[in-house]
Every structure is written in C-alpha cells, then in structure tokens.
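The values are calculated or read from the model by the stated rules, or taken from the named source; none is laboratory data. What you see is a predicted model, and the numbers here were worked out from it, not measured in a lab. Backbone-built Cβ (ideal geometry, glycine too); neighbour counts: all protein chains shown. The protein model used for the area step is the full one, side chains on, heavy atoms only, and it has no ligands, DNA or RNA in it. Shrake-Rupley method; radii C 1.70, N 1.55, O 1.52, S 1.80 Å.
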Amino acid sequence: MASPGPKSPEQSDRSKKYDRQIRLWGEHGQSRLDLCHVCLVNATTLGTEILKSLVLPGIGAFTIVDGHMTSEKDVEANFFLDSDSVGKSRAEIATKLLMELNSDVRGDFVDESVEQLLNNSPDFFDNFTVVYAVSLPERTLLPLSKKLWSQGIPLIVCRSFDLRLDKPFPALTALVDAINLDSMTLKDHAHIPYVVLLSKALQEYRKRHPGSHPLKKAEKDELKQILKDLKLRDENGDPLEEENFEEAIRAVNAEIQPSIIPSNVTDILNDPCCINLTSKSNPFWITTRALKDFVEGEGGGLLPVRGSLPDMTAETSRYISLLTAYHDQSQRDVESVFRRAQQLLVELNLPPDTITEKDVKHFSKHSHDLHVVRGRSIADEVDPRTANTQEIASQLEDPESLMPLYVIMRGIDRFYTEHNIYPGSFDESLEPDIVELKSIVNKLLAELGISSIGKDDLIHEFCRYGGSELHAVSAFIGGCAAQEGIKFITSQYKPINNTFIYDAMTAQSSIYVL
Amino acid sequence: MPWKRPLSGLYFSGWSVSRFEVMSGSVEMEVQSDDSPMPAAPKSWMRNAMERSGPFCLPDFDHRPGALHSVLGQIQVQFLFRRNDIGRSKAEVAANFINNRIPGVNVTPHFCKIQDKDEDFYRQFHVVVCGLDSVPARRWMNGMLHSLIEYDDDNTPITGTNIPLVDGGTEGLKGNARVILTGTSACIECTLGLYPPQVTYPLCTIANTPRLPEHCIEYVKIIQWPKENPYQCEIDGDDPAHLCWIHEKSVERASHFGITGVDYKLVQGVVKNIIPAVASTNASIAAVCANEVFKLATGVCKPLNDYVVLNQSDGVYTFAFANEKREDCLVCGRKANILNIKEDAKLEELISKLCQDDGARMKNPGLTTNVNGKQMTLYIATVPSIERQTRPNLKKTLTELGLVNGAEIVVADETSPMSMTFKLNFI
Ligand SMILES: [Zn+2]
C-alpha cells in the first residue's frame, strides 16, 4: 500500500489558528462551524459568555436579538459592555465588542424584543442553526419554543472502538485461517495481533460449542483458558510471557460482545422519520434509511464495518494487513450505503448532491454510535398535565439531589412574573420575600401534586443573592451552553437531555429529563 | 479555619480572574485590586450576597479591609488577545486590556518564568491561581507555597502564612479544578496519581514493529534526528524547516512499512505534544477557579472540597470529591523523609528510586550530603562539568561513598523550589 506523498505541509492560517480544537472535532466539524449561524436572545452576562465561547472557535455568524438599553448594572457584570455604553442598545454594543474577538466571525444585531419579532416577522428565526434564549420570561419563552420546536432535531455522533469478531467478514476469516499458530517461532508468535488470537480462540470455542457465543462469565473464562492454552511453553511446560496474549485475554470482556446492532441505533432505524421518507426529509433521515436498507440487504443484519483498529502488540506487516482488511471491507460497505442513498434521492426527486459520498463515509464510520436526542418542549415541561412529576417527586425525596434548586428557580421565575422584581432585591423586603418565595414554591409543587420540600435554607440563600448574577457562575454555565451548541452544530458528541442543574457552592451538577 | 486570611474589597480580582482562559503559555501575571477606595457604584450585583450572612457562609469570617493579590501563573488569556498583539508579552497585553476595560482594577504583568520569582514575591499574595500547562510547574508552585507556611507549637499552620492555591487545567472537553488550603488539604504532591504520566510508546515498537503513524514520527524524532542531526541543533517544534524534515522522513519510514496517515498536522501534534483545547471548556474551568477565588476572598460560601472534574463529551458531567492528605507526603507531610534502601545499593539505584512513579517522581535530581562534617557532592546532572566529575559515583555503592545508616541526603530537583532531605534507612 503506497503512502500519499507529502502534501503541502504548511497549514493555512485558518487551520493554524484553530489547530487545537480541530484536533478534537476535525476539519469536518470545523467546516460545519464555519457555516453555522447562531442567534442569541438577550445579551446578558450569561448570553455574552456563551457567545464568547462560540466566537473564539470560529462560528460563521451570530445575531443578537435584544430590545434592552444598557444599564449600570449590566456594565458591572458584563465583560462585553463598557462604561461608555450605558443608555445605548445592549445588542449593538455587545455585538461590537464580541466581534473584536475574532475577525472571521460576522456579527449582527436586532434591537427589538422577541415579542415584537414573533409578531412582526415570524419567519425571522427559521434560518438559524442554534438559537440561545437567555433571561426570557415564561410568557415569551413558550411561543418562541413552540416556533423552534417545529423545526427538527439535531443529531449527535460520538466515537468509540469496537471490533467485529463473532461474525467475521470473509477477508478476516481468510486472514485468520492463514495463520498457523503451531508453526511459529516465539518472536512471530508473540507478535500476532490479538484480534487474530481472539478469532482463533473463538473458532476453537465454536468447535466445542457449535452455534453459541460466549456471553456468561463461565463461558468467557473458558475462552480465556483457550487463549492461555495457545501460549507457547518453555522446556518445563510453563507458559512463556507473550504481551499479545495478555492483550487478548484482557480484551475478552470488552470485545467479545455479539455484533448486534446497539439498541440506540435500532431505535433510529425503526423511527417513523426513517421509514416514511418524503421529499422534505432531511439528509440525516435519508442516509439513515439507506443504512437501514443496507442492514436488511447486503449487510446481513449488521452495520457497516468501521475502517479502524486500536493499536495492539503486533508485527508490522500483520497489523497492516489486518488494518487493510478492516479498511477495505468498510470501504465496500460505504459504497453500498452510498449507492442506496443515491437511489433514494432519485425516488424522492431530490438533487444527487444532497448527500455526498464523504457524508456517507463519515456517517457509516460512526453508525454504531448514532444517537437521536429529542428532548421535550418547554411547554410540555411547565404544563402540570405533561410535566415529569414522577421524576421531580422522586428526586425531591433524595436529600443529595439538586432538584430543590430546580424547583426554587421555577419559583423565582414565577415570583418575577408576579412582582417584576427578584426576591431579596431590597434589604427592607428580604424577610417578606423569603416568606413569599416559600409560598410560591409550595403552590407550584401543589399544582404538581407534590408536598412541600422543606428546604428553607436554600430559599433563604436564593433571596440573599437578590437575583444577582455572579459573573463566574455565568461564565461556567456559558462555557457549558456554548459547547452544547457546538455539539448541535458539528453533530458530534452527545448533548444534555434536557435540564442541567449546577450548584456552584459545591461544584456538583445533575441532569434531569423534565 | 486555619488557612483563613483577612480579606475583603476583592470584588475586582475575583471578577477579573474569571475572565482568564486557563491555558498554557510561559508568562506569569499578577492580578491585584486597587488599595484605594472603590469607585462609587460598583458591583452592586455582588454586594447583596456579600453583605448578608447566609446559611452556607463561612462561620466568623473576618471582614477587615485588605487587598487581594493573586498570581496567575503561566496563563494565556486567549480572548484578551487580538491579531495585532502577536509578538507582544501575553502578560502585558492581558493586563492592559483588563485595566482599560474595568475601571478601578490594577493588574501588574510580570513577563518571566514562575521560577524566576522568590519567596518574598509569592508571600505578598492572598491567593495563587494556576493555569499551568505542566505537572512539574504545578509541583514547583505547590512546593513554593508550602515552604511559606509557618507552624505553631501544635503543628497547626499559622494563619496568614498559608496561601491557598487554586489550580485548573483542561484537555479537550475534559477539565478539572481544585482548591488546596495549604497545610490543611491534600496537596499536588499527595495526589500525583491524578496526573497520569504522558503516553509513551515502547522503544522496541518504535524501532522494530511500528504500526501507527505516531510510531514512525517518534522514530524520526528520537532516533533519526540525533543520528543525522540535519540542522546541527535540537528539534525546535516551532521551526517549519525542522517539522518539514521530520514530516518527510516519517512519511518515508511509514511508506516503507506500508503505514498510512502521517500528515503534517500529526507530525506537529506528536513533536510538540499538542493537547486539544476548546474555548468553552477553558471558560468553564476558568470560571470554577474564579468562583473559588471569590469564595476564598469573601467568605461568602465554603470553598470547594477539594477537587472537581468536568466532562462535556456526553451531556455535561461534573463530579466533586475530597482527596486524602498523605501523612508521608514529601511536601506537606510533617515527618522526616525516610528512604528505605539496601546497604549495597549503587548510587544510580538510589537515584532511580527517587524518580520512580510510586516514589517522589523526580525528574533530574541532584544529590549532596555531609560525610564526617564535610560537604560532598554525590551527583549533579544539570551542570555538565560537575556531571562529568561525579559520574563515576553512580556505579559506587552507598557504603563505598561513605554513607551510613541514618545519613541525610539533600536532594534538589526541578519539581520543587526547595531542596529536600532524605534520611537513609538500610534494609
Ligand atoms: Zn502533600
């Protein structure tokens, strides 16, 4: 196999600038970032901290929607507003200062409120890749969330390794059969890739137990024993030290899993969006359908083979031919999926470049790790009829849980809606505010059919802060929120589903499906 | 609270610190707030929390006026930099930017290595925040701060001499932050296991059975370069000519073995040991550090106890836990350091013991001792002339060198600002 000649080694300015992050999400992810357009509603401290972590890695463009004028209080806590900006449009100043961070990013602002926008130009939000809404009261958040909810679901892809051993494809079987363990010197013997050893051991296991696959601990132990018996022995009959055999034995637990399709992927393949394609289906679901047809056809019930192998103690040529076997099979599988996707596009009357071979390659490579995260709309979350009451109630019984923070924050939202001020804002009303917040929280819980939480000290603590936004806490949440957006944009890594609570006092956090 | 120091009026520092991306670099910066009265209407958003006591406050925190100084060792304040700042000292640029953006804050830049400053320099601060990119540098700062602690008759640190250390670091979508109340909580040295040794490939793989593109690059880097010495100097990872040479040779070696995947980017990554980094994770970890400084400075809430990890790859995961202080810790333990060793061991065995993973994990220790009242250099690797003179000692046994059971050896190493004394215990 020939290696490609050295490409022009000097990287472009852009690759150099983003080098450390491209090592994480690849050129593929970076080009998606380049193309995306992020919308931020309200340039509060948290809002600008989120955008900071998106502008630095180089999103294509952002738009800030904010009808507020900059106040003294804004300037104190926000790094992207300066003292000269008091009284000016918060959207405009924040846009200007954020754009200073990265000359590659385009920035724009609309100094209108979301309510106005939703009324006057309802299509305004349709073209964004991700929309962030910060500090929006429930009454505005609900219509915005409904509008965005109707737009579709992001897909997230992660990476991991697994090896297909129980159902070897032909080239692998040939390779394994060509290796005769008995006729080797120790040097060769100790350099057989462990995948081959595992395959050999599995063949032996199958001979003893036709039609079965070692799943239980006792069965796996038998497989390990077979491996041990395959080791070379010294003149006293004691097994010699061979690192590759140790690797194989260690790998028994992790890699002798039956090559079935993981349930997360099966669910996706059986999803109505995958089965019932229309000309409005997005490329993800069309590719998924091509994958489904592959699995049910040439794939013989299996997903495409991944073209990569972990490193293992092995002699170079054997490792390379093994890698080549995996790689070539993966290439053939990708071609099948791609052909099928192209057929589907013709049937749906869509242009052939809707899905490229490169897309399919990327997709097939990660087909074992597909996840669809649907979340729930905010409307469902807050409506007592659809709220996840069970989760809230059971979490509240756990003294370690962060659920009380969630409930109190919902209470504070309601306090703000009723009084137009955060509890604890004024020293004079501190005590009455604590009492009022407590009663709001209890009422909220009663609506959900849950009895009081009795966390008075937490309610006290919230009032003590008087709705003030501690910058460092905003910066933390901003960093996390920005990364969640990048996950959607690059379709890599798994996002939160769906509520993340962080307690900065103890640095503990939890995720709840609400 | 034995570590407590009278602090207040530190809103600015806690605030500005939060704006730092904790990343690598080779600068050092001092961030300090102004001693003069605060401007008229600042930080009302934080005042509520600070002026009212609450259920999670530190008990009897002393609110005397004072100033907060903190050191941010080796930080790269990424988002404070603009294109036309390239080539200027990072410390200076960052300091200027903050001073201009936030009225009333006074940031003093120091463009130097952390090791260039002495005890008196570090003694003036109330909190030290590290965003260092290497474990040895962390260990050095940890050793420095612990050496400043004075203990009373009960062996308790004297309030005011123990400066808390806040430390953070990231790699890709993972990060961690910790608070070390020096003298009280587990220190960096107690928990060296948290910092895994760097990934290395066995030499025999690199030389004989390469399988990965990395193996080929490593071969050129550690075997071919010293042999052919194309530029008559050591590898400079920032010199494109050097990288090109390594790239070309690695591709040759890879194609000889039928290995694919050697490209310029990978060569760069392996040669410079580049760790992936993203702005968002850095922002979150920097924020945790800043928040901890804020807590330490104001007493508004108990500090983190004492370590938190963050992982943003599957949802967002944080986990906080307390590390255990090691009684026999070389830095914060209050016991004499005993070195158990065989009487007939050679000096080189003693040195390799000091460098072992389960021991002191030293890098390049220099050893001196006192034999019959006379100062004697056993071995020092860092000064070439002394290294030549003392090299023969490596092969001598401890007895041949005149060392007896209970003899004290003074060891200096780059991982600590102070030399350490070990007492030999023959076994
Ligand atoms: Zn220690």
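Worth a mention:
- Label-point separation, A:L348 to B:N340 (7 Å along Cα→Cβ), nm: 6.9 nm
- Percentage relative contact order, segment A:386-465, counting C-alpha pairs under 8 Å, at least six apart: 32 percent
- Between A:V435 and A:I421, the simple label model (points 7 Å from Cα in the Cβ direction) yields a spacing of 1.6 nm.
- For the chain pair A and B, the buried solvent-accessible surface (1.4 Å probe, both sides summed) amounts to about 6700 Å².
- Each peptide in A:217-230, A:98-111, B:245-258 receives the mean, over its residues, of other Cβ atoms within 10 Å, and ordering these scores from highest gives B:245-258, A:98-111, A:217-230.
- Using a Förster distance of 51 Å, the FRET efficiency for B:N405-B:D238 (Cβ separation, nearest 0.05): 0.50
- Charge-dipole axis of segment A:263-372 as Lys and Arg at +1 and Asp and Glu at -1 on Cβ define it, positive-most pick from A:L322, A:F363, A:G301: A:F363
- Per-residue mean of C-beta atoms belonging to partner chains within 10 Å, peptide A:479-488: 6
- For segment B:203-272, a Kirkwood hydrodynamic radius built from all Cα pairs, placed in the Stokes-Einstein relation at 4 °C and 1.567 mPa s, yields a translational diffusion coefficient of 110 µm²/s.
- Calculated FRET efficiency, A:D267 to B:L394, Cβ-Cβ distance, R0 = 41 Å: about 0.05 to the nearest 0.05.
- Gyration tensor analysis over the Cα atoms of segment A:386-465 returns equivalent ellipsoid semi-axes of 22, 13, 9 Å (largest first, whole Å).
- Farthest toward positive dipole pole in chain A [+1 Lys/Arg, -1 Asp/Glu at C-beta], among A:V55, A:Q30, A:H460: A:Q30
- Residue among A:N119, A:S145, A:S336 farthest towards the positive dipole end of chain A, charges placed on Cβ: A:S336
- Surface exposure of segment A:263-372, expressed per residue as accessible area with a 1.4 Å probe, stands at 44 Å².
- The fraction of accessible area contributed by carbon and sulfur in segment A:386-465 is 51 percent, rounded to a whole number (1.4 Å probe; ligands and nucleic acids excluded).
- Per atom type, segment A:194-255 shows carbon and sulfur on 49% of its accessible surface, probed at 1.4 Å.
- Segment A:12-104: equivalent-ellipsoid semi-axes (sqrt of 5 x gyration tensor eigenvalues, Cα, Å): 28, 12, 10
- Principal-axis tilt of helix A:430-447 within chain A, Cα atoms, nearest 10 degrees: 50 degrees
- Averaged over the residues of B:268-277, the number of partner chain Cβ atoms lying within 10 Å of the residue Cβ comes to 3.
- Distance histogram in 10 Å bins (all Cα pairs of chain A, percent per bin): 3, 14, 21, 21, 17, 13, 8, 3, 0, 0
- For the residues of B:284-294, the average number of beta carbons from a partner chain within 10 Å of their own beta carbon is 6.
- Carbon and sulfur %, accessible surface of segment B:337-427 computed with the full protein complex present, 1.4 Å: 48 percent
- Straight-line cross-link reach from A:K358 at under 14 Å between alpha-carbon atoms covers these aspartates and glutamates, not counting any fewer than eight positions away in the same chain: A:E27, A:D333, A:E335.
- FRET efficiency for the pair A:E397 and A:K216, taken as 1/(1 + (r/R0)^6) with r the Cβ-Cβ distance and R0 = 35 Å, rounds to 0.45.
- Computed [θ] at 222 nm, deg cm²/dmol, chain A (DSSP H ≥ 4; -39,500 (n - 2.57); rounded to nearest 500): -16000 deg cm²/dmol
- Segment A:194-255 gives an Rg/Rh value of 0.98, both radii derived from C-alpha positions and Rh following Kirkwood.
- Both radii come from the Cα set of segment B:337-426: Rg as radius of gyration, Rh as Kirkwood radius; their ratio Rg/Rh reads 0.92.
- Between segment A:326-375 and segment A:30-89, the Cα center-to-center distance that results, in Å: 37 Å
- For segment A:421-426, putting each phi into the Karplus relation 6.51 cos²θ - 1.76 cosθ + 1.60 with θ = phi - 60° gives couplings of 7, 7, x, x, 5, 10 Hz, in residue order, rounded to whole numbers and with x for Gly and Pro.
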